[in-house]
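The values are calculated or read from the model by the stated rules, or taken from the named source; none is laboratory data. Source: prediction; values computed, not measured. Cβ coordinates were reconstructed from backbone atoms using ideal geometry, including for glycine residues, and neighbour counts include every protein chain displayed.
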Amino acid sequence: MAKDKDRLSQRLSAIKTASAVQFDGPIGSRGSRDKRGAARQSVFRFARLILPDRSIVKCVIKDISSTGARVAIEGNFTIPPHVVLKIDQIGTTKEADVIWQDETEIGLNFAGPPA
């Protein structure tokens, strides 16, 4: 028990003496500086990604703006660099470039001027 108290005291002391970390901008969900061109709105909309070979990947839009979106995909496979995002609920189709991808999500940048 005394050993646990000593470890706890050491950790608390380290926290008290640690210097603050500073950064000069917002941090995105991917752990890097947020480079978005517009504010994103959180949503939960079903959509489809249409790939260059015309295959379709079902997805869920997690957040969206006039310049891009973050979508969740099912399955672990690589999405090509250019796709079409089709949102049937609102009848919108957007050409997009894949900016980043991890195991379950991709970041899209809409091609062309913001809507």
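Report the residue count in the range 81-91 for those that are surrounded by 12 or more Cβ atoms within 10 Å (Cβ to Cβ) and over 16 Å from residue 62 (Cα atoms).
3
Checking residue 99 against (1) part of a strand (DSSP E or B); (2) under 14 Å from residue 50 (Cα atoms); (3) aliphatic (A, V, I, L, M), which test does it fail?
Result: residue 99 fails condition (2) only.
For residues that are in a loop (DSSP other than H, G, I, E, B) and modelled with pLDDT of 90 or more, scanning just the range 28-74, find the one that is surrounded by the most Cβ atoms within 10 Å (Cβ to Cβ).
Ranking the qualifying residues of the range 28-74, first place goes to 67.
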